Structures are given as structure tokens and as C-alpha cells.
Amino acid sequence: MRLFQNLINQIRESVDGNFGIMDDTGLILGCTDERLTGTTHPLIDEIAGDNRDETETQGWIFRKVYFRNRLEFIVYTDIASVHGKALLSMFAINVANLRTYHEDRFDKANFFKNVITDNILPGDIQGRAKELHIPFNTCRVVFLVKTEKVKDVHPHDIVLGLFPKKQRDFVIALDEETLVLIKELKDDNDYDEVDRTAKVIIDTLNTELMVKAQIGIGSIVDNIRDIGLSFKEAQTALQIGSIFDSDKAIIDYNNLGIGRLIYQLPVKMCRLFLKEVFKKGSFESLDQETLLTIQKFFENNLNVSETSRQLYVHRNTLVYRLDKIQKTTGLDLRKFDDAIIFKVSLLVKKYLDKAESMQGELI
């Protein structure tokens, strides 16, 4: 209100008439008659229900001001037609500029967005945090939430409703499918809260919006400057998870397993490894039934009896399949060393397929 009232005070000395600004609920934020500031405009229902951006009624002209395609303010005046419209046009531009300045300068969520996207110099971070009254040395963690694209569904609004304490937790929309939660924690060992938060987000998106989501979690950091690092770790977690654990909804950067190592390997080295392990065409000759058998065999820790039971096949049938795999690939999955080689090879194959797919999309 102070910012808008100051703007009105600067303009009204050059204007012969009344004008003001209210928000989308009708609350007057500034007016030439300062006694009305803080009250509700009597015509708000009529103006808000009108689909036009500019309306004239009862001797007043009203113009709607949008920000990010959302109605935020309505400016108005009782000055006659041509001069009144010119005033509102100029006033609306000033209001929009003031709103943008206010967001860039004073919005805490926007400050955190600048931190994670490297749009603020590292040396300026502590000073800006102090201006915004944000504790600098506090434990926080970044959740990066990726959802499938669904028309008329807004995951940002749902997640925002889960964390209403805007002074501690910040929800930032990067695009229609990606949002970030920066959550404050009690200490750097508050992993139970991290796990609980991720599960609540996944469950809520699944039940309320019926949207499939995947969350990447960065490391817990103890100061604002390192939040950018936690964000990049969350990005990496999602990238690695999409390759090696695409069926998992929650992927923690600190629990990436062997996928972390393979992801760091050059593509050329991975191709050489697969060429060394599998004779030409040996892997490609394995059908879906055989690959399912291998997957179940690994899931059951190389236990023949349990695997045959889950596959609903006779034990001898499974042994026959394992013998056939050995004949085709040269690897006996009943032997621990061969099983490890085959398991790693499957992960490397996943990585290569993803890398080639991404390269094809770029082309």
C-alpha cells in the first residue's frame, strides 16, 4: 500500500481528478482520497464479473492489470473519457513496473530462484538474504519435482498448499512440468523429514491430481550459498534415476548406487565394455522371456528355487533357460562373478540406450 500510495501522490499533483488502485478482491491499495485506502471498493463485484479489460460505469473508468496472465490489480479514475483513459494507461504501466520491481527486489521465492539458477553473484547472496530477513546459516534441502504433462493440471498449486509457511519453505515453478521445493530442516541429519516430505508430495499428486511424478533430492546444506549445489544434485539424481531407476518415484542424490559410477563413464568406454562382454549379437538374441527370467533371477539373489516359483515354471525349466543363456553369452548367471558382470552390463546398456536416444532427439 505504501508503494502504491507514494506513486499516486507523485502523479496527483499533475492531475485534476480522482484515481486509485485496488487488488482483485476490491481492497483499495492506494487512492487520491487516502481515507479510502484499506477499504473495499463498492463496485468490485460488477467490475470483476465483467470480461472486458476496460469498463465504464457510474462515472468511473476501470482498467484491469495482469501479471503473468493473472489479474492482480484494477486501476480506476473518475476523469472524463479520453483524458481518463490516457491516465489509466500510464498508471497501469507504472503499476506493472512497480510490481515487477517488487518481485525482483523483495520476493523471497524469487530470490531463491535466482540462487538455484545462478542469476545472482555468489558474493551478493549473503547481503540480499540479510535485506530480505532470511536466515543465512540454516539447514535446507532441495526437492526437484518432475511431473508428466497433463492439460489443465497445476501441480505447483497443490504443492504450494502443502507448504504454506512461506517464510521457511519456498515452492518455485520452473515450467509447467517442473517445480522446486526448498525446505528448511532442523539440522543436517533430519533425513526422516526429508523422506516424509518426498512421500507426501508424491502421494498428494497421485491422489488429488492423478499425476505421476518423480522427485530428485539434493544434499542437505547449511547455508543459502550452497542451495545451488543441492539443486544441481537433485537434477543429477533425476537424470540418473530416469536411466537406472525409472520406476522409482523418489531418487536421493546420496543413494544413487552403481548408477552414479556408470553415469560418469564416457560413452566410448561403455561401448568397448559391452563389446568385450558380449559376443556380436549375443545380447540382442535374448528374447523378452529370457530377459524377464534374468531380471527375476537377480531379484531373488540367484536363488533357482524361488525364481522358478515366482515365474510359475518347473525348476528344470529354469535351469534349462540359464544353460541357454550361458551358451549364448558365455556367462553362467549361477556364478557370482558372471552374475555381477551381466548385471553391470545391463545397466551400461540402459545408459547407452538413453544417451543414444537423447542424441537422436538433438539431431
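The values are calculated or read from the model by the stated rules, or taken from the named source; none is laboratory data. What you see is a predicted model, and the numbers here were worked out from it, not measured in a lab. Every residue, glycine as well, gets a Cβ built from its backbone with ideal geometry; the counts of neighbours run over all protein chains shown.
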Out of the residues in region 168-190 that are exposed (fewer than 15 other Cβ atoms within 10 Å of the Cβ) and more than 19 Å from the chain's Cα centre (by Cα), which is nearest to Ile158 (Cα to Cα)?
Lys186
Run Gly257 past the list (1) more than 36 Å from the chain's Cα centre (by Cα); (2) closer than 30 Å to Ile220 by Cβ and report the number of the one that doesn't hold.
(1)
Give just the number: which of (1) farther than 30 Å from Ser345 by Cα; (2) out of contact with any Lys or Arg (no Cβ under 7 Å at 6 or more places or on another chain) does Ile182 not satisfy?
(2)
On the basis of being touching a strand residue (DSSP E or B) at 6+ places or on another chain (Cβ under 7 Å) and without any contact (Cβ under 8 Å) to a residue 40 or more places away in the chain, does Leu88 make the cut?
no
Subset of region 244-276 [assigned to a helix (DSSP H, G or I) and either buried (at least 19 other Cβ atoms within 10 Å of the Cβ) or touching a Pro at 6+ places or on another chain (Cβ under 7 Å) (or both)]:
Phe244, Tyr253, Gly259, Ile262
Qualifying positions in region 1-21 - more than 38 Å from the chain's Cα centre (by Cα) and in a loop (DSSP other than H, G, I, E, B):
Glu13, Ser14, Val15, Asp16, Gly17, Asn18
Kindly indicate which of Leu27, Leu71 is under 23 Å from Tyr101 (Cβ atoms), at pLDDT 90 or above and either outside the structural domain of Leu98 (by TED's automatic domain parsing) or surrounded by fewer than 17 Cβ atoms within 10 Å (Cβ to Cβ) (or both).
Leu27
Selection over region 312-345 where residues are assigned to a helix (DSSP H, G or I), of a type outside the set (Ser, Thr, Tyr) and without any contact (Cβ under 8 Å) to a residue 40 or more places away in the chain yields a count of 15
Is region 89-105 home to any residue that is farther than 23 Å from Ile250 by Cα and among the aromatic types (Phe, Trp, Tyr)?
yes
Identity of the residue in region 279-301, in contact (Cβ under 8 Å) with a residue 24 or more places away in the chain and in a loop (DSSP other than H, G, I, E, B), that ends up farthest from Leu322 (Cα to Cα):
Lys279
